[in-house]
Each structure stands twice: as C-alpha cells, then as structure tokens.
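Enquirer: Pasting a structure here, questions to come.
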Amino acid sequence: EVIEAFHQMTERIVRDEAQMEDTLRERGVLLKEVHHRVKNNLQLISSIISMNMRRTKDQDVRAALLSVQDRVLGLATIHRSLYQSEDVGRLDTATLLRRIVEQRDVAGALGDDGALALDLASVTLLPDQAVPLALLTSEALAEVTKVPVGTDAAARRVLVRFATDDAGTATLLVDADTGAPGPDPTDDVLSTGLVRAFSTQLGGETEIVRDGGRYRLQTRFPIEMDHPDARDF
C-alpha cells in the first residue's frame with residue numbers, strides 16, 4: 001500500500017508540474033518559489049521520518065523508514081534542481097544526475113577501496129522526462145548502496161553513464177560490481193516495480209541484470225524536445 005501510494009504521488013507530482021509549467025510559463029519567479037517550497041516541505045517530511053527512526057529499535061522498521069526517506073530526499077533533490085535552474089521548464093541531465101548520486105552518497109557507500117565513475121552528457125530535458133529519469137536513477141543506485149561499508153559484501157565499483165545519439169535517443173546505464181548476494185525477493189519486486197513505472201513514464205525500455213554481485217540497469221528512451229501539449233501552438 002505504501003509503494004502504491006508513493007507511485008500515485010509521483011504520477012501526481014509529474015502531472016501537476018506539467019500543468020503548472022503550461023499555465024505559469026511566463027511567471028518564472030512564482031514557479032521557482034513553488035519548487036522551493038515543495039523542496040522545503042519534502043525536507044521537513046524527511047526530518048519527521050528521521051525522528052521516528054531514532055525512536056524505534058526495530059531494525060526492519062528502521063530499514064523501511066530509511067527506504068522511504070531516501071525516496072523523499074530524491075524528490076527534494078529534483079525540486080531543488082528545478083528552482084535553481086535558469087529555465088524552470090527544463091533541466092540539465094548532468095547536473096541533475098550528479099546531484100542524485102551525491103544525495104545517495106554513492107562514494108561513501110563504496111568506501112575507500114571503491115571506484116565511482118560518472119560519464120554524464122549534458123542534455124536539456126523537460127520535467128516530464130527529467131523527473132522519472134532522476135527517480136529511476138535513484139532507485140537503481142539504492143540497489144548498489146544498501147550494503148553497509150566495511151562488510152565483505154560492500155559495493156566496490158559503480159558506473160553511471162548518460163548519453164545520447166544522433167537519432168535523439170537517450171541511454172541511462174547504471175553498472176555495478178557490488179560484491180553482494182542477490183537482493184531480498186521482497187525488495188527485488190518493490191524496486192523492479194518502481195523502475196518499470198518510471199521507465200514507462202519516460203516512454204522507454206529498461207533492462208535489469210542481477211547476477212550474484214553484479215547489478216546492471218540500462219534504459220533507452222526518445223528525448224521529447226517540446227511539451228506534447230504545446231506542439232500545436
């Protein structure tokens with residue numbers, strides 16, 4: 001029920017943002033303020049979750065709350081990028097994905113012996129695609145950062161690549177050697193379901209490979225140059 005509610009909330013946010021951007025295209029200052037306030041509200045929710053995490057001794061409950069908190073902070077990162085962007089109707093992929101990697105603290109999860117490689121093309125996307133792209137990337141990175149640093153199963157190598165071709169097709173690749181066994185079946189279903197939902201919003205196809213300590217996600221989707229509802233104007 002929590003995951004379904006999160007999925008519905010994500011769809012509403014993407015839909016509402018698109019509607020606001022059409023209506024307030026000439027009111028950039030006001031729209032920036034909206035994203036700023038949403039970001040602050042999401043950070044407040046994150047703080048409330050942290051308070052509840054400190055109060056519980058149940059490790060399963062703590063893990064569930066941490067998972068929700070990471071997704072809330074992922075949304076906050078997106079809204080931060082939106083209000084800091086010069087054009088609130090478009091987002092730069094390199095900046096956005098780099099912030100998602102930082103928010104997930106991938107470098108910290110890898111530890112001193114790990115290797116993080118970023119190869120991010122700078123492409124301007126509409127929020128309709130930038131938002132699910134960021135959430136999909138965050139979900140993939142959650143798979144390779146869930147193992148604590150210092151354990152034998154700690155992640156050791158992560159590559160995040162975003163590229164485009166001349167045909168206007170974008171490719172996101174998250175490739176990692178985690179050194180960890182396969183994920184818990186429940187987490188696998190949850191994460192895969194969210195990844196598929198975000199891939200559908202992008203209008204693309206996603207391939208996921210899990211093989212022992214190897215995790216690989218690749219998504220290909222066509223880049224939307226204009227908002228679908230604005231093409232007839």
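Enquirer: Order 3-15, 131-143 from most to least packed using the mean count of other Cβ atoms within 10 Å. Present the calculation step by step, with values, prior to reporting the outcome.
Expert: On the way: 3-15: 13.8, 131-143: 25.2.
So the order, starting with the most tightly packed, is 131-143, 3-15.
Enquirer: Let me ask something else. So what's the net charge close to GLY114: Lys and Arg +1, Asp and Glu -1, counting the other residues with Cβ under 13 Å from its Cβ? Walk me through the numbers on the way to the answer.
Expert: On the way: positive: ARG156, ARG157; negative: ASP105, ASP112, ASP113, ASP177.
Once positives and negatives cancel, what remains is -2.
Enquirer: Just need log10 I(q)/I(0) for the stretch 72-126 at q = 0.16, 0.21, 0.22 Å⁻¹, Debye formula, equal scatterers on the alpha-carbon atoms, no solvent, rounded to two decimals.
Expert: Results for the stretch 72-126 at q = 0.16, 0.21, 0.22 Å⁻¹ read -0.53, -0.80, -0.85.
Enquirer: I need the peptides 105-118, 44-57 ranked by packing, meaning the mean over residues of other C-beta atoms within 10 angstrom, with the highest value on top.
Expert: 105-118, 44-57
Enquirer: What spacing in nm lies between the two simple spin-label points modelled at ALA121 and SER47, each 7 Å away from Cα in the Cβ direction?
Expert: Distance between the two pseudo-spin positions: 4.1 nm.
Enquirer: In nm, what is the difference between 0.36 nm times the number of residues separating HIS36 and GLN8 and their Cα-Cα distance?
Expert: Here the answer is 7.9 nm.
Enquirer: Can you list the residues, at least 5 places off or on another chain, whose amide H is less than 5 Å from the amide H of LEU120, using H built in the peptide plane?
Expert: The answer is PHE162.
Enquirer: Still on this structure, I have one more. Considering only protein heavy atoms, with the full assembly of protein chains and a 1.4 angstrom probe, order GLU102, GLU205 by accessible area, largest first.
Expert: Order by accessible area, largest first: GLU205, GLU102.
The values are calculated or read from the model by the stated rules, or taken from the named source; none is laboratory data. Computed from a prediction, not measured in an experiment: that's the story for all the values here. Reconstructed Cβ throughout: ideal geometry from the backbone, glycine too, with neighbour counts over all protein chains shown. We work out accessible area using only protein heavy atoms, side chains counted, and drop any ligands, DNA or RNA first. Shrake-Rupley method; radii C 1.70, N 1.55, O 1.52, S 1.80 Å.
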